[in-house]
């Protein structure tokens, strides 16, 4: 198996799909496209509509409006059994009365494939997930990681055009999760099928997918690569859901060329940041800086146009081994900063509680973000 | 699945059992109450027209001692069954999985053997020439000429014997879900074993306690085979009278009046309990 | 923590209390003495007499016929009822649930009496059919409760999984739901079967000429002292088959 070189960019199309349960709009006019062979994640907190969207792609829920297309075919009205889509369920939903082998063969038997094809298909899948010696066991006799691999094999053996994975790692303990993460990436690499993950764990989404759709309250806030989502979040929801962020509210005082804007923030002076789209003078803005982008020094950093610097007092700190986190008070603001010890430029003494420090960040590390829902 | 919410499906799945119970449970219950207002005919059936005569007949003060006996026998049986069942389920819930299965089986097996045969067994055990009577006489616990059968105490004993599993099983279901760490916590906080049992375990299995009491009490109210077989002539219960009116006197309306009264006395509190439990079922979701 | 021995002692006493009368029956069935007061030597005599008592075997046959057909009907009705109760939440199911629960706590004599009233007023001749109807009625609730318990443990995502893998709704029920529910349905059926075989009171009310089930036969045998030792022998056989049944059903319960 190989990864197709010719990709259809809109292989899976979600076209203005909405779904309402009672008074609640679970999925609100969502449009997305996923390329063939892509590993794509739907990321969001519980109740954001990602699971409902997944269930609509699988066919367990019917959208109130909108269309879903796979490879150009409209599948919106098809029942789940007729869709070229298979699912890895959150708790795997392995049939307890069937052996591992029979679980994997279930789909092929339902589509009445010839015996020989079923046998070779199942054996090939068992090899792919390295469970050949467990073929005769019942699912209850397997470990969590093994069950997960059976669930993947059971779905993949049907050669689905899209594989849906509902919180695939949630039921595993931390160590196994790290391992299965690698495994999932390897399997995806090998089979080249389009993978759609649903997860609430940003770390999982970032390390599993080519692109991520961040969902909030039934809507898609941003669709981007993991790097872009982290470095250039467009909304404050995305910024705070993926990683940690400091937010400040201020007024645009000076628009500069190349997309920079100077923002007057009460108590912090007027830092220069990336405008991240069109802004106008005197507009109230929200800006965001990641904690690890803030440098802490005991002395004032060399001043200049390209550095934003301001003073604060260390309120609290926590040591994490690889880094240390600081909570710093500056006027009304409580700012989170994260430092690797070696990068601390003020010498080898850590700032203690109560110490006065300088915080500074490069204009490229600060960004204007929009409020959630304004996407 | 979304298509399961279609009302047609629900009706299709519900109708068979619902119809069956409506025709063979609800309608007959209503018929019993209606029959109480019909005159009797001599063939043991129901005559034409309507009458209140039967209602006047069943107000006979001769029924009062029977009613009283029925109530106190049922109440005493319930109390004794609970007193025996509570320590048993407490023990069952504390032992290991295998031992628990064995105990459960030991309690269920006698309960599954035929009801009449269990009464018959007591009859032969308590028979004047039976082993128990002889043993007790040898031990000088009862006088030489004592008769253990045909006594209201015998009725109570056999009632307890037949109803005990009805008390143990619902209590066991409740005790199985009880968190025994709570008992250790109570002991840790200074409660003695008895106080831990009475203040923590008993409230913890309250629901099971209620269903066990209702089960046992209600089942006892309708008994007639036990007083008939092991009791004396003066140990009749309400059920004995109903059976006697049906089979000896062949007076269906009179029997219906008695049964209808008993039914209302049973069903009205039951309905309240069921509604209360359904409310609880909704609350738990 | 020190544990009290009292519950263990009471449990032991209760089990002794439950088994003592049955042990006496079994012992007496091999006792040459007619009244079983004293051991007068071992005998197979009562079993031989029982073997040639044709009317007992005829009653057994009637009982088995009723028990088998009534528990089958109760299994079908009860499984549908349990599925509806589990899958739907509505006023209809509230009423349904109440109707299923009430027969469980209805005293036997009232159920017998009300069915008798129904059959007398509608002019239905009492006999095999009326006994069968009565037995289905009281077995239905028990089967429903057992199957409902099973359904509560059933993971309905399995049905979604089957659909996802290409099974139609009907196929998913047949290939996944039914096989997984079967042990529960059988356990419910087994309970219904035992209850049906055991029932005396309700059957007594709705039986007619020529429909003497085994419990009715035992009741009439108890009236003549000549046949009392035969009851011991019959009881022993019944208790033995109960043991066999209990073993069988606990094996069914243990299967996943």
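The values are calculated or read from the model by the stated rules, or taken from the named source; none is laboratory data. Being a predicted model, the structure only gives us computed values, none of them experimental. Because the Cβ atoms are built from the backbone with ideal geometry, glycine has one as well, and the counts that use them run over all protein chains shown.
Summary of computed values
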quantity	calculated
So residue A:170, is it in a loop (DSSP other than H, G, I, E, B) and exposed (fewer than 15 other Cβ atoms within 10 Å of the Cβ)	yes
Test: residue in segment C:137-148 that is assigned to a helix (DSSP H, G or I), surrounded by fewer than 23 Cβ atoms within 10 Å (Cβ to Cβ) and facing another protein chain (nearest Cβ under 10 Å)	no
Which listed residue, of B:275, B:183, B:271, is surrounded by fewer than 23 Cβ atoms within 10 Å (Cβ to Cβ), in contact with a helix residue (DSSP H, G or I) (Cβ under 6 Å, 6 or more places away or on another chain), at the interface with chain C (Cβ under 9 Å from one of its Cβ atoms) and in a helix (DSSP H, G or I)	B:183
Residues of segment C:198-212 that turn out to be in a helix (DSSP H, G or I) and at pLDDT 90 or above, as a count	6
Residue tally, condition touching a residue at least 40 places away in the same chain (Cβ under 8 Å) and surrounded by 19 or more Cβ atoms within 10 Å (Cβ to Cβ), over segment B:85-107	8
Residue check for residue B:266: within 16 Å of the chain's Cα centre (by Cα), in the same structural domain as residue B:33 (by TED's automatic domain parsing), modelled with pLDDT under 85 and under 30 Å from residue B:180 (Cβ atoms)	no
Residue in segment B:123-136 that is under 27 Å from the mean Cα position of the chain (by Cα), within 8 Å of chain C (Cβ to nearest Cβ), in a loop (DSSP other than H, G, I, E, B) and surrounded by fewer than 22 Cβ atoms within 10 Å (Cβ to Cβ) present	yes
Hits in segment B:52-70 - residues which are away from every other protein chain (no Cβ under 12 Å) and in contact (Cβ under 8 Å) with a residue 60 or more places away in the chain	B:54, B:55, B:57, B:58, B:63, B:66, B:67, B:69
Residue A:253 being modelled with pLDDT under 90, assigned to a strand (DSSP E or B) and not assigned by TED's automatic domain parsing to the domain that holds residue A:233	yes
Residue match in segment A:28-51 (condition: assigned to a helix (DSSP H, G or I) and either touching a residue at least 12 places away in the same chain (Cβ under 8 Å) or within 11 Å of chain C (Cβ to nearest Cβ) (or both))	yes
Those residues of segment A:209-237 which are touching a residue at least 60 places away in the same chain (Cβ under 8 Å), touching a helix residue (DSSP H, G or I) at 6+ places or on another chain (Cβ under 6 Å) and part of a helix (DSSP H, G or I), in sequence order	none
Single condition residue C:156 does not satisfy, out of (1) facing another protein chain (nearest Cβ under 10 Å); (2) more than 24 Å from residue C:182 (Cβ to Cβ); (3) over 23 Å from the mean Cα position of the chain (by Cα); (4) surrounded by fewer than 19 Cβ atoms within 10 Å (Cβ to Cβ)	(2)
Residue ID - nearest to the other protein chains (Cβ to nearest Cβ), chosen from residues in segment B:194-245 that are within 22 Å of residue C:21 (Cβ to Cβ) and in a loop (DSSP other than H, G, I, E, B)	B:224
Number of the condition not met by residue C:129 [criteria: (1) within 11 Å of chain B (Cβ to nearest Cβ); (2) assigned to a helix (DSSP H, G or I)]	(1)
Sole residue being more than 14 Å from every other protein chain (Cβ to nearest Cβ) and within 24 Å of residue A:118 (Cβ to Cβ), chosen from A:136, A:177, A:159, A:154	A:136
Test: residue A:67 is more than 18 Å from the chain's Cα centre (by Cα) and either assigned to a loop (DSSP other than H, G, I, E, B) or within 13 Å of chain C (Cβ to nearest Cβ) (or both)	no
Where residue C:178 falls short, out of the listed (1) surrounded by fewer than 20 Cβ atoms within 10 Å (Cβ to Cβ); (2) touching a residue at least 12 places away in the same chain (Cβ under 8 Å); (3) over 27 Å from residue C:205 (Cβ atoms)	(2)
Among the candidates C:241, C:220, residue that is part of a helix (DSSP H, G or I), more than 10 Å from chain B (Cβ to nearest Cβ) and more than 30 Å from residue A:140 (Cβ to Cβ)	C:220
Residue list for segment A:7-27, restricted to those being assigned to a strand (DSSP E or B) and farther than 26 Å from residue A:72 by Cβ	A:20, A:21, A:24, A:25, A:26
Exclusive hit being within 14 Å of chain A (Cβ to nearest Cβ), part of a helix (DSSP H, G or I) and touching a strand residue (DSSP E or B) at 6+ places or on another chain (Cβ under 8 Å), set C:161, C:170	C:161
Helices (runs of 4 or more DSSP H) lying entirely in segment C:1-111 (those with 1 or more residues that are within 8 Å of another protein chain (Cβ to nearest Cβ) and surrounded by fewer than 22 Cβ atoms within 10 Å (Cβ to Cβ))	C:6-29, C:54-87, C:91-105
Residues of segment A:77-126 that turn out to be more than 10 Å from chain C (Cβ to nearest Cβ), more than 23 Å from residue A:139 (Cα to Cα) and touching a residue at least 24 places away in the same chain (Cβ under 8 Å), as a count	1
